[in-house]
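Trainee: Take a look at the following structure, please.
The values are calculated or read from the model by the stated rules, or taken from the named source; none is laboratory data. Remember, predicted model here, so these are calculated numbers, not experimental data. Ideal geometry is used to build each Cβ from the backbone, glycine not excepted, and the neighbour counts take in all protein chains shown.
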Amino acid sequence: MPLTQMEREKWEGLCHQCGLCCFEKIEDEEGRIFYTSTPCRYLDIGTRRCKIYQKRFQIFPECVQLTPELVKELKWLHRSCGYKKALLEPGQESGAARKNKSKSPR
């Protein structure tokens, strides 16, 4: 279901603007994700902001439009992603957080 303009503004406001999703990623045949140090050509490395943000989907069709539905499915989003955190139910932890807790001494 498409977001209304107000919902879209609220949704976009969840982004922490870390720029991590703007770096190239490679997925192997076993589904493992490898993060590269190669940013999108439109990412300003200093500010971590997109230089063409308002027109990014028209200018660069490969740019992934993060929707609530897509964020739930993507495995490559960083665990500190604002979108990802917002979709967790209160009291629910990401799989990575649970995994890290299970490794810590009690």
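Trainee: So the check is Cβ under 6 Å with 6+ separation or different chains; which pairs have a first residue in segment 26-49 that's in a loop (DSSP other than H, G, I, E, B) and a second one that's among the aliphatic types (A, V, I, L, M) and surrounded by 11 or more Cβ atoms within 10 Å (Cβ to Cβ)?
Mentor: Short answer, once both residue conditions are applied: Tyr42/Ile52.
Trainee: Right, here's the next one. Within segment 1-25, count every residue that is of a type in the set (A, V, I, L, M, F, W, C), assigned to a loop (DSSP other than H, G, I, E, B) and closer than 21 Å to His78 by Cβ.
Mentor: Pass one, segment 1-25, residues of a type in the set (A, V, I, L, M, F, W, C): 1, 3, 6, 11, 14-15, 18, 20-23.
Restricting the remaining residues to those that are assigned to a loop (DSSP other than H, G, I, E, B) gives 1, 3, 14-15, 18.
Restricting the remaining residues to those that are closer than 21 Å to His78 by Cβ gives 14-15, 18.
Qualifying residue count for the region: 3.
Trainee: Look at Arg56 and say whether it is under 17 Å from Phe23 (Cβ atoms), of a type outside the set (Asp, Glu), in a helix (DSSP H, G or I) and free of Cβ contacts under 8 Å to residues at least 60 places away in the same chain.
Mentor: Spelling it out, Arg56 is indeed under 17 Å from Phe23 (Cβ atoms), of a type outside the set (Asp, Glu), in a helix (DSSP H, G or I) and free of Cβ contacts under 8 Å to residues at least 60 places away in the same chain.
Trainee: Still on this structure, please answer the following. Name the single residue, out of those in segment 23-49 being in contact with a helix residue (DSSP H, G or I) (Cβ under 9 Å, 6 or more places away or on another chain) and at pLDDT 95 or above, that is farthest from Glu9 (Cα to Cα).
Mentor: Among them, the one singled out is Pro39.
Trainee: Within segment 63-70, is there a residue that is surrounded by 12 or more Cβ atoms within 10 Å (Cβ to Cβ), in contact with a Lys or Arg (Cβ under 7 Å, 6 or more places away or on another chain) and either of a type in the set (Ser, Thr, Tyr) or not in a helix (DSSP H, G or I) (or both)?
Mentor: Within segment 63-70, one or more residues are surrounded by 12 or more Cβ atoms within 10 Å (Cβ to Cβ), in contact with a Lys or Arg (Cβ under 7 Å, 6 or more places away or on another chain) and either of a type in the set (Ser, Thr, Tyr) or not in a helix (DSSP H, G or I) (or both).
Trainee: While we're looking at this one, here's another question. Restricting to segment 6-16, count the residues that are loosely packed, with under 13 Cβ neighbours inside 10 Å and closer than 15 Å to Tyr53 by Cα. Before the answer, list the steps.
Mentor: From segment 6-16, those loosely packed, with under 13 Cβ neighbours inside 10 Å are 6-10, 13; that's our starting set.
If we keep only those that are closer than 15 Å to Tyr53 by Cα as well, we get 8-9, 13.
Selection size over segment 6-16: 3.
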